[in-house]
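K.L.:
Supplied in structure tokens, the structure appears directly below.
The values are calculated or read from the model by the stated rules, or taken from the named source; none is laboratory data. Computed from a predicted model, the values in this text were never measured in an experiment. Glycine also receives a Cβ, built like all others from the backbone with ideal geometry; neighbour counts cover every protein chain displayed. With ligands, DNA and RNA removed, areas are computed over all heavy atoms of the protein, side chains included. Shrake-Rupley method; radii C 1.70, N 1.55, O 1.52, S 1.80 Å.
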Amino acid sequence: ALLLLCEDVSLCHGFSASHPSAVHRTIPQSLCKHTELWDGDGSPCGELSNRGSCQNILLSQAPLGPQFPFSGVDDREDWPSVFYNRTCKCEGNFMGFNCGECKFGFSGLNCTERRLRTRRNIFQLSTTEKNKFLAYLNLAKNIPSQDYVIATGTYTQMKNGSNPMFRNINVYDLFVWMHYYASRDTLLGGSNVWRDIDFAHEAPGFLPWHRVFLLMWEREIQKITGDENFTIPYWDWRDAEDCVVCTDEYMGGRHPTNPNLLSPASFFSSWQVICTRSEEYNSQQTLCNATSEGPILRNPGNNDKSRTPRLPSSAEVEFCLSLTQYESEPMDKMANYSFRNTLEGFADPRTAISNISQSGLHNALHIYMNGSMSQVQGSANDPVFVLHHAFVDSIFERWLRRHRPMLEVYPAANAPIGHNRENYMVPFIPLYRNGEFFKSSRELGYDYEYLQEPALGSFQEFLIPYLDEARQIWAWLVGAAVIGAIITALLTGLILVCRKKRQRTSSEIQPLLIESEDYNNMCYQSSF
């Protein structure tokens, strides 16, 4: 999305589609920002207010998996080093390309106030709330982004930055383009491409990447509407018989004469999609330039039943949640007994064994929609995408709360390119690492309506993690209790024996040789 460059410690520069001369010749970029300082004090990164400073970007040196056998052929390798190597490093709870915002979950002038928003089931919204959500979607589709422009060419096509290739884009399509850019094929020259690459799918980063995507999307809607309380609703599709959100009241019904189109009664029927012609881009060795490519396509339920016979069930979700491993070798779509791979849908949701001929859970919904949602790179064109991924994120959240994994559970090395714990996520700006979002949503400032727990006192909240750990080692605790009971019984018996012995021999004890107090001490020590 946004790209902020720092040419030296005292000055940070961004690129602008309307001011190409501002581009530093040796450091081009794929996602750009207008040259901007933090308005609060006029300094880069808010340095005068101790918000942050311009720093070198430190890249992970951990080894990658074998899935991508090339080097130096894709702009996204070692993101974002092809485009820039300095950026704002924000301190404390500050965040943003210029440290002008608060981290997710914080608010206030100095970002010191904790804030927890709730994502709700779309069917629990009032008519007013639901209509407001739909209006916000339509506004995002029709208002240009004030912060971001997109790249329409590769680094090479930009002639190493001397020929900037960027264009403006509306807020909704910005996120469609980002999803496309992260999942697009590698262009190898001529008509050659490498398809086994994806910075947002088929590997450990799938869930953290989409978590950041939704958080950024949510924040952009909050900005353009001024509604700081806005949250993305979710669609709970477990055990659904059909696409219950596919009505004109919600996300658009079926066209009366063409089942592949949306009903003209829905304003989503007038939306134009972008970034859906991957084979055309590959053959021309070009990037999607966000040109309109036709209406949203959707024909739910008329999909290939041999791949996806129905929507996912509650039992399948529960089985997935029972898996204790977040990830397993080879950490891609062939992984077995991996919670991530099973939730993503490349492993059978009844056995957790990889089966790429079937589409389960997350993938099942995409295939079931049978249209724009069913093609990975352009799937975010359909607004059902955000409802779907909000619910997928809630399942991820349930797993995190149930298993409480340490950060070390997320793979540090040997994952597919871009998916190691310390890798920066492509193409987000400001920069976020995969591991930073492998934690509870409540730490990031949001919760899900159906996961909310009763309010607890601070002492109870303090005890919860320790009680959960105790439950995990209950067998050891029971064993320790039994041993403790045996030792206590033995001690009690020995003490009683000592007392009886003292009573029997007290008349024979010579006071001048040993005092009764000393004798009692000897008996206690012996018993002990």
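K.L.:
Using the Cα gyration tensor of segment 350-406, with a ≥ b ≥ c the square roots of its eigenvalues, what is the shape: rounded (a/c below 1.5), prolate (a/b larger than b/c) or oblate (neither)?
P.N.:
Note, shape of segment 350-406 comes out oblate.
K.L.:
A further question follows. Between rounded, prolate and oblate, where does segment 123-451 land on the alpha carbon gyration tensor, with a ≥ b ≥ c its root eigenvalues, rounded for a/c under 1.5, else prolate if a/b exceeds b/c?
P.N.:
rounded
K.L.:
Mind scanning Lys103/Lys223; Lys130/Lys439; Lys103/Lys141 and naming the pairs with a C-alpha gap bigger than 18 Å?
P.N.:
Violating the 18 Å limit, Cα to Cα: Lys130/Lys439; Lys103/Lys141.
K.L.:
Using alpha carbon centroids, what distance separates segment 263-296 and segment 55-129, in Å?
P.N.:
Using only Cα atoms to place each centre, the spacing works out to 27 Å.
K.L.:
Determine the sum of side-chain charges near Asp393: Lys and Arg each +1, Asp and Glu each -1, restricted to other residues whose C-beta is under 12 angstrom from that of Asp393.
P.N.:
Neighbourhood net charge equals 0.
K.L.:
Amide H to amide H, which residues 5 or more places from Arg254 or on other chains are under 5 Å from it, using H placed in the peptide plane?
P.N.:
Amide H to amide H, under 5 Å and 5 or more residues apart or across chains, Arg254 pairs with Ser263.
K.L.:
Kindly report, to the nearest 10 Å², the accessible surface of Phe106 as traced by a 1.4 Å probe over protein heavy atoms only.
P.N.:
Approximately 40 Å² of Phe106 is accessible to the 1.4 Å probe.
K.L.:
Here is a follow-up. Run the simple label-point estimate for Ser314 and Glu449 please: 7 Å along Cα→C-beta, distance reported in nm.
P.N.:
Going by the 7 Å Cα→Cβ label model, 1.7 nm.
K.L.:
Among Thr112, Thr492, what's the order by accessible area (1.4 angstrom probe), most exposed first?
P.N.:
My answer, sorted largest first, is Thr112, Thr492.
K.L.:
How big is D, in µm² s⁻¹, for segment 204-244 by Stokes-Einstein at 25 °C and 0.890 mPa s if Rh is the Kirkwood radius over C-alpha pairs?
P.N.:
Translational D for this selection: 201 µm²/s.
K.L.:
OK, next. How about Lys159: which aspartates and glutamates have a C-alpha closer than 20 Å to its C-alpha, ignoring those fewer than 8 places off in the same chain?
P.N.:
Straight-distance partners of Lys159: Glu7, Asp74, Asp75, Glu77, Asp78.
K.L.:
Okay, moving on. For Cys102, which sequence-distant residues (separation of 5 or more, or a different chain) have an amide H within less than 5 Å of its own amide H, given hydrogens modelled in the peptide plane?
P.N.:
For Cys102, the qualifying residues are Met95.
K.L.:
Sequence-distant or interchain residues sharing an amide H contact under 5 Å with Arg119, placed H: which?
P.N.:
Hits under the 5 Å cutoff: Asp447, Tyr448, Glu449.
K.L.:
Just need the relative contact order of segment 123-451 here, percent rounded to a whole number, with Cα pairs under 8 Å and 6+ apart.
P.N.:
Worked out over segment 123-451, it gives 19 percent.
K.L.:
Give the relative contact order (percent, whole number) for segment 309-431; include only Cα pairs under 8 Å separated by 6+ residues.
P.N.:
On the way: 167 pairs, mean separation 21.9, N = 123.
Contact order relative to length: 18 percent.
K.L.:
If you don't mind, another one. With θ taken as phi - 60° and the coefficients 6.51, -1.76 and 1.60, list the Karplus ³J(HN,Hα) couplings across segment 255-263 in order, rounded to whole Hz; mark glycine and proline as x.
P.N.:
Going residue by residue, I get 5, x, 10, 10, x, 8, 10, 8, 4 Hz, with x marking Gly and Pro.
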